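Novice: A single structure is presented below for examination.
Here, each number is a calculation from the coordinates, and none is a lab measurement. Since this is a predicted model, take the numbers as computed values, not measurements. Neighbour counts run over all protein chains shown; Cβ positions are idealised from the backbone, glycine included.
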Amino acid sequence: GAGVSQSPSNKVTEKGKDVELRCDPISGHTALYWYRQSLGQGLEFLIYFQGNSAPDKSGLPSDRFSAERTGGSVSTLTIQRTQQEDSAVYLCASRPGRSTDTQYFGPGTRLTVL
Amino acid sequence: SQQGEEDPQALSIQEGENATMNCSYKTSINNLQWYRQNSGRGLVHLILIRSNEREKHSGRLRVTLDTSKKSSSLLITASRAADTASYFCATDGGGGGADGLTFGKGTHLIIQP
């Protein structure tokens with residue numbers, strides 16, 4: 001079946017602009033995660049959604065970052081007033097539910113802030 | 001913060017040889033997972049070992065877990081050129097998955113043909 005998909009695959013933006021990154025999880029997966037991978041910080045967890053529940057935002061790097069998940073499926077990660085240090089690969093993962101621990105990752109969005 | 005630490009950071013071996021990568025972590029875990037990443041993009045799940053397991057096999061992969069030493073190893077036997085990739089360990093502390101996975105910095109494996 002289809003895996004996790006993310007769009008766009010690459011995004012180049014100018015400093016100060018807002019960007020939206022999209023994640024389509026595997027159908028039926030209730031848990032959704034966002035991670036960021038950068039040269040300096042490695043792979044870091046950003047935020048988690050379980051179904052329609054409100055997420056814990058404490059892992060987001062700054063208040064310029066926000067995320068939402070509509071209808072318990074598609075998720076968008078929004079970065080406002082982008083900075084050069086936001087340049088990274090943003091990875092999304094989904095998991096079937098609490099009974100299964102394996103996370104399935106999408107191909108990522110490579111964000112470059114000029 | 002990165003809990004897992006893999007070593008070596010880079011490993012280059014000849015095709016057909018075995019590759020061993022190690023991972024250490026700091027806090028208690030529910031399970032430990034190994035992932036592969038090609039060309040800096042999507043992560044492919046390889047194997048999951050639970051905290052009450054000591055060894056697990058999947059094809060040419062063998063994973064061990066020593067919770068007393070807070071360490072794990074990934075062995076790839078009879079390596080192939082296609083195994084060239086970065087390998088990451090990731091720990092799951094439990095809590096229903098709400099804290100996400102904590103990844104190490106990875107081992108870059110190069111298989112020389």
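Novice: Pick from B:Asp66, B:Asp83, B:Asp99: which is most flexible by mean-square fluctuation in a GNM of chain B where alpha carbon atoms under 10 Å apart are linked?
Specialist: B:Asp99
Novice: Within the set A:Lys17/A:Lys57; A:Lys57/B:Lys56; A:Lys57/B:Lys26; A:Lys57/B:Lys69; A:Lys57/B:Lys105, which residue pairs have Cα atoms separated by over 30 Å?
Specialist: In this structure, A:Lys57/B:Lys56; A:Lys57/B:Lys69 exceed 30 Å between Cα atoms.
Novice: How high is the FRET efficiency from A:Glu85 to B:Asn30, r the C-beta distance, R0 30 Å, rounded to 0.05? Don't skip to the end; give the middle numbers.
Specialist: Details: r = 32 Å, r/R0 = 1.06.
Efficiency, from the Cβ-Cβ distance: 0.40.
Novice: Determine the sum of side-chain charges near B:Ile110: Lys and Arg each +1, Asp and Glu each -1, restricted to other residues whose C-beta is under 14 angstrom from that of B:Ile110.
Specialist: -1
Novice: Please compute the modelled spin-label separation between B:Arg54 and A:Asp101, points set 7 Å along Cα→Cβ, answer in nm with one decimal.
Specialist: 1.8 nm
Novice: Where is the GNM fluctuation largest for chain B (alpha-carbon springs, 10 angstrom cutoff): B:Ala78, B:Ala98, B:Ala19?
Specialist: B:Ala98
Novice: Relative to the present Cα-Cα distance, how much length would full extension add between A:Asp18 and A:Ala2 at 0.36 nm per residue of separation?
Specialist: Going from the current span to full extension adds 2.8 nm.
Novice: What relative contact order, as a whole-number percentage, does the stretch A:25-79 give when Cα pairs under 8 Å and 6 or more residues apart are counted?
Specialist: 27 percent.
Novice: I need the shape label for the stretch B:1-56. Rule: rounded when a/c is under 1.5, else prolate if a/b > b/c, else oblate, with a, b, c from the alpha carbon gyration tensor.
Specialist: The shape class here is prolate.
Novice: Net charge within 15 Å of B:Gly59 by Cβ-Cβ distance, Lys/Arg positive one each and Asp/Glu negative one each, not counting B:Gly59 itself?
Specialist: For residues surrounding B:Gly59, the net value is +3.
Novice: Suppose we take every Cα in chain B and form the convex hull; what volume per residue is that in Å³? Each step should come with its number before you reach the end.
Specialist: Values: hull volume 10.9 nm³, N = 113.
Spelled out: Cα convex hull of chain B, divided by residues, is 96 Å³.
Novice: Jot down the radius of gyration and Dmax of chain A, Cα atoms only, both in angstrom.
Specialist: 13.4, 42
Novice: Next question. Normalising by the residue count of the stretch B:41-83, find the relative contact order in percent from Cα pairs under 8 Å and 6+ residues apart.
Specialist: It rounds to 26 percent for the stretch B:41-83.
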